[in-house]
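First up is the structure itself, then whatever we jot down about it.
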């Protein structure tokens with residue numbers, strides 16, 4: 001179903017895991033996709049090339065999305081090559097696992113910058129074009145840690161809770177301009193973060209397994225295609241928690 005033909009999508013942190021699955025799903029729906037990365041250039045190019053191999057249009061673009069000047073350069077580059085951004089997926093994030101006695105101010109600051117400030121910077125940069133078109137979709141990738149204790153640390157909880165507040169704030173202000181803003185909150189998805197020690201087994205998940213990046217992408221695509229849903233957070237936890 002090529003219902004996103006003529007649309008341009010930007011996925012931050014799109015070189016692997018959840019971001020990779022989202023980028024591919026958007027391309028399969030017909031969107032031209034910009035795959036943002038910070039350091040994983042080769043992995044980002046693999047994602048873009050896989051889209052091109054199937055007849056889609058894709059580009060890679062490096063940027064530290066926690067920096068305003070980098071975001072400005074990134075969006076300008078996407079607009080020059082693909083056109084104005086119609087779909088923004090704020091997926092870039094970090095998860096520094098820290099105990100409360102080990103957590104430093106620097107850990108806190110960089111987590112807020114990458115997980116929360118980056119979404120603000122990207123939304124502020126692309127939303128004028130969406131407002132001009134009277135159409136846009138913004139999806140922020142949150143986490144079950146926004147409402148639960150989580151296993152990464154309070155800095156991570158704060159960043160994701162803030163992201164959901166940001167989602168509601170923009171949703172309320174953009175809804176009359178044809179732009180929806182929603183969040184997806186995955187818990188224990190089988191990504192590098194989980195594999196590196198966040199959860200050794202899926203034993204506490206009622207469904208009995210970790211989630212997949214592709215399942216996260218399915219929820220994102222539902223939000224992209226749904227006009228009547230905005231300001232919401234969709235939990236994806238295999239039954240571990242309920243909003």
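Things worth noting here:
- C-alpha long axis of helix 154-174 to longest principal axis of the chain, angle in °: 30
- Peptides 132-141, 214-223 ordered by average Cβ neighbours within 10 Å, highest first: 132-141, 214-223
- Counting only alpha carbon atoms, the long axis of helix 118-133 and the longest principal axis of the chain meet at about 30°.
- The average projected area of region 125-243, computed from the convex hull of its Cα atoms over all directions, is 7.7 nm².
- Alpha carbon centroid spacing (whole Å) that separates region 126-187 from region 1-79: 19
- Inter-label distance, residue 135 to residue 212: 3.1 nm, where each label sits 7 Å from its Cα along the C-beta direction.
- Rounded to 10°, Cα long-axis angle of helix 41-53 versus longest principal axis of the chain: 50
- Residue 229 paired with residue 45, simple spin-label distance in nm, labels 7 Å along Cα-to-beta-carbon: 3.7
Just so you know, all these numbers are worked out from the coordinates, no wet-lab data involved. Just so it is clear, the model here is predicted, and its values are computed rather than measured. As a convention, Cβ positions derive from the backbone with ideal geometry for all residues, glycine included, and neighbour counts pool all protein chains shown.
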